[in-house]
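The values are calculated or read from the model by the stated rules, or taken from the named source; none is laboratory data. In this text, all values refer to a predicted model and were calculated from it rather than measured experimentally. Every residue, glycine as well, gets a Cβ built from its backbone with ideal geometry; the counts of neighbours run over all protein chains shown.
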Amino acid sequence: MAAQMTDAHRRFLQVLMSHGIMEGSEARKLHKHCCEVHNVYYAHDKLADFISTINRQLQPLFMQIRKGMSEDDGRAHYALVNLAETEITKMASDYTENELELFRKTMDLIILSENGFAPSTDILNLADQLKTKKMKKKEAEQVLKAFVEDKWLSERNGEFTLHTRCIIEMEQYILSNYQDVARKCNICHSLAIQSQVCESCGIGMHLPCIRKYFRAQTEPRCPQCNDFWTCDIP
């Protein structure tokens, strides 16, 4: 018999909604806290079951709590995803039309790049090329800052990549709209933006997945074709 939705589940959902995305260790702490506050049975290894109960209630609303991985350090994250909106239109209530166009063009640069990053200079150069309404570079800088604050983009040393929240929420959109270039990690089978690619067979792997996989191997060989892995192990 499926577990029933309780106030502990509702509290967990409310907190996750307010955060947008939550790192795995924080989600586990929240799970324990919600169960203790509402006197609901708690087991440290039952977070997945706890979330499944919430997801059954969210299904008619076309919402789902999804688990994803940070491409930077491999840590698990949880995000609430709107399944009814499969495109960037899910951001439409927060941004203007030309801001959304800038985001789409930024996503193009990131996904089409070799390393999953787009330099800020390349993004800012797009500001006066927007079809909806051109932006001044100063304005574009503020929009990029908002994308980072809202956890759609991450910035590192003047370069931008997709935030973990964005990857979790838009994985299907990216796989559908960038079929020729978007790939899934050969190890965890999730969308890989920051990845290394086998020069022989073309499979890709997340950097954290590469570290974990090759740590257990005597020599670095591709898990697909068994050829020598020529990229530097991160």
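Screening Met22 against (1) assigned to a strand (DSSP E or B); (2) surrounded by fewer than 14 Cβ atoms within 10 Å (Cβ to Cβ) leaves a single unmet condition, (2). Listed by position, the helices (runs of 4 or more DSSP H) inside region 96-193 whose residues that are modelled with pLDDT of 95 or more and in contact with a helix residue (DSSP H, G or I) (Cβ under 8 Å, 6 or more places away or on another chain) number at least 3 are 97-112, 120-124, 137-149. Among the residues of region 204-226, count how many are of a type outside the set (S, T, N, Q) and in contact with a Cys (Cβ under 7 Å, 6 or more places away or on another chain). Of the residues in that region, 6 qualify.
Does region 81-89 contain any residue that is part of a helix (DSSP H, G or I) and surrounded by fewer than 18 Cβ atoms within 10 Å (Cβ to Cβ)? Looking through region 81-89, at least one residue is part of a helix (DSSP H, G or I) and surrounded by fewer than 18 Cβ atoms within 10 Å (Cβ to Cβ).
Of the residues making up region 203-217, just one is within 15 Å of Thr230 (Cα to Cα) and at pLDDT below 90, namely Gln217. If the condition is being loosely packed, with under 14 Cβ neighbours inside 10 Å and either at pLDDT 95 or above or aromatic (Phe, Trp, Tyr) (or both), then region 57-74 contributes only Phe62. Screening region 25-46 for residues that are among the hydroxyl-bearing types (Ser, Thr, Tyr) and assigned to a loop (DSSP other than H, G, I, E, B) and picking the one that is farthest from Asp150 (Cα to Cα) gives Tyr41.
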